[in-house]
Amino acid sequence: MKCTFCEHELTPEMLREKGCGSCIGGCRKIHCPYCGQENPVVSELLEKFIKSDKHISKKGNSA
Amino acid sequence: MQKQAQTEKKIILVGNPNVGKSVVFNTMTGSYTTVSNYPGTSVEVSRGQCLIAGENYQVLDTPGMYSMLPITEEERVARRILLEESPHIVVHVIDARNLERMLPMTLQLIEAGLPVVLLINIMDEAERIGMQIDIPLLQEKLQIPVVGGAIGRAKRGLWELRDAIRDFSGNKATFLYATDLEKDVQEISSLMEGDYILNKRSLVLMLLQRDEEIAQRVQDREGDRYESVENAVNDTVFDRRVDLHLRISLERKRICKGLLDGVITQQENNQPAFAERFSDWTMNPWTGIPLLLIVLYLGLYQFVGGFGAGTIVDFLEGSIFEEYLNPWVIGLCNQYIPWYWLNELLVGEYGLFTLGVRYAVAIILPIVGTFFIAFAVIEDSGYFPRLAMLVDRVFKKIGLNGRAVIPMVLGFGCDTMATVVTRTLESTRERVIATLLLALAIPCSAQMGVILGLLSGVPGSLLVWMVSMVGVFLLVGLLAAQVVPGERPMFYMEIPPMRLPQFQNVMIKTLTRMQWYFMEIFPLFMIASVLLWAGKLSGALQWLVEAFNPVMQVLGLPNEASAAFIFGFFRRDFGAAGLYDLQTQGLLDPVQLTVAAVTLTLFVPCVAQFLVMQKERGWRTALAIFFIVTGMAFAVGWSLNKFLLLTGLLA
């Protein structure tokens, strides 16, 4: 994942960092350590959907 | 095995993330590799073996790093490996397509005295977009081995890299900065007598940029002598009175520009040439401001204001809720719930369904949804860093710089989260000014969407609102810049390439943000409804509305507008939705609508933003901002009402 402002790479370690705790239902954002931009973290459900979508389109292509 | 590893020569691979370091590592080492956490950290480092000209080497794949001055844990580990592992060769892997952005780190590695071999990777992609790189010329200028390659399936450049490692005979190059900077570096390094792996010149440059880890290492090596080194560094930083990090970065950029002169050839009539030209237009004030106005007109006015706040809200609120859902739910409650208080709580004037759900789903959600789509399209195109460069000059006049574009732009999404982001600004002065401007003159997406939707139907009203907002933003910023003491840091950033937004990226960002926003606002809207309901039943709300009535009269607004202002303190968008109700009930004429919209936009930050302001800036600053903003909002509203009535502008 890349920062949407400065395009620095955001690593899985940064994604695992805990947020400030003030958001209801947990943190869904990641602050870029280079520029401060707040990047949305893709939810697990959406990520699963994207992955399954890619999987289906790959299968479709190979067929 | 451990002993053997210690005697082996080490090849360390370094470079930005996503330049193909791991592919190079796997190609060089084959399948016999180990991955372990670097001691004392959770950062993984891969180690493997490779045989070059009969000699065994240990190869280390380091985490991505952008500079020798680390910001993240990964970068700190990568640098620690360079400092502690005594490399025989450091292979700096860079992306051929981003040579200009990545070459400054090569300079840092060379000036650190490390045995650098430069691998320009992903050459195939660079050639595909029309780039030609003169590798021998760059090698001659850098005076280190330079290899061009595409270490993927074709393994292009792999044998040249192995030869360069085998034949490496040392790094002799020195690239000099400006005379005054070199003199400072020379003076400080002459005070250092310890033994270091890195060049003293490089260490001094890092000390001047306030690198705490390097300061600690120098202190350990110098012992009693460190005090004189520290004093010399402090004196230099004080004497120069400039941001030395920026100064050194600019010097490095200047040297890289010279080094790349004649090295890169870009084929004419190629697609990137237009992208580059367009990128320049967005940053030039003469072309950048008209382009910004086009972005605002299409993105905010037409898409968010017209389509989101107009078409979709009319459909959801006017048709679905008013014609179908509300009558059905109200009917059900009236039929089955005999208790007045519970009926009121669910479907009354401030009921959970009739106010909370309706505002959150039918009014706010379509507006923030369309705003997030527009925001994601602009974001994915790479426009925001260019906007930062464009407004840098204006922002300097109001005590900020281009870096403040991030919180300001985020403020149009939600002022509360933008206030948290102000902590990324360099000085306290900037943070206070940005917090004040966010609380005062930056409407959040939902508030702005509702206001755009309401005012776009009244000729001239939207223009008056926009002029008022920009005028107040600049006036208060200019005054704050004079009054608030503190440093004035400079702004410098690498501009990433401009590109066409990708549909999938836009949708992912939009859905993710909408999910976040909905999870945030829905419970708050429910809580606000319950509080208003409790206020109504207890009589407290009526008392509050009556207390506000004289203020409404001074502003020339009907008494009913009090409720929208009270809503606004719960959430800005809640207040805007209240305004929407007043307008649809036909209670406001054009002048009143404009005055109410301006006052409500400037009016006090919502509860959540106030709490974040207190958390970030402390009680004193938060309360001062609260009173300034409240006073300013009513003063501007009163003046605007008098002005509009006197001139008959919107009559």
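Each reported figure results from applying straightforward, stated rules to the coordinates on display, with no laboratory input. Owing to the predicted nature of the structure, the values given are computational and were not obtained by experimental measurement. Quick reminder, even Gly has a Cβ in these numbers, built from the backbone with ideal geometry, and neighbours come from all protein chains shown.
Structural remarks
- Contact order relative to length of chain B, as percent, for alpha carbon pairs under 8 angstrom and 6 or more apart: 10
- Cβ neighbours within 10 Å from other chains - mean over B:506-515: 4
- Average partner coverage of B:41-50, which counts Cβ from other chains inside 10 Å: 1
- The distance from the alpha carbon centre of segment B:357-421 to that of segment B:189-227 is 42 Å, rounded to a whole number.
- Among the listed pairs B:Lys10/B:Lys200; A:Lys2/B:Lys172; B:Lys10/B:Lys253; B:Lys141/B:Lys253; B:Lys396/B:Lys509, those beyond 27 Å (Cα-Cα): A:Lys2/B:Lys172; B:Lys10/B:Lys253; B:Lys396/B:Lys509
- For B:Met283, B:Met102, order by how many other beta-carbon atoms lie within 10 Å, fewest first: B:Met283, B:Met102
- Efficiency of FRET from Cβ geometry, B:Val607 and B:Glu212, R₀ 35 Å, rounded to 0.05: 0.35
- Neighbourhood charge, 11 Å Cβ-Cβ cut-off, centred on B:Ala376 and excluding it, Lys, Arg +1 and Asp, Glu -1: 0
- Considering only beta bridges that DSSP places wholly inside chain B, some 45 percent are antiparallel.
- Neighbour-count ranking [beta-carbon atoms within 10 angstrom, fewest first] of B:Tyr32, B:Tyr492: B:Tyr32, B:Tyr492
- The residues neighbouring B:Thr419, those whose beta-carbon lies less than 11 Å from its own, together hold a net charge of +2 under the Lys/Arg +1, Asp/Glu -1 convention.
- Nearest 10 degrees, 0 to 90: helix B:99-111 Cα axis against chain B principal axis: 50
- Lys/Arg +1, Asp/Glu -1 at C-beta; segment B:334-410 dipole; positive extreme among B:Ile406, B:Phe353, B:Gly369: B:Ile406
- Each of B:Leu463 and B:Tyr336 was given a label point 7 Å from its Cα along the Cα-to-Cβ line. The distance between the two points is 5.4 nm.
- Projecting the Cα atoms of B:Gly618, B:Leu640, B:Val629 onto the charge dipole of segment B:542-642 (Cβ charges, centred on the Cα centre) puts B:Gly618 farthest toward the positive pole.
- Segment B:180-253, relative contact order [Cα under 8 Å, separation at least 6], %: 34
- Burial ordering of B:Leu291, B:Leu51, fewest other beta-carbon atoms within 10 Å first: B:Leu51, B:Leu291
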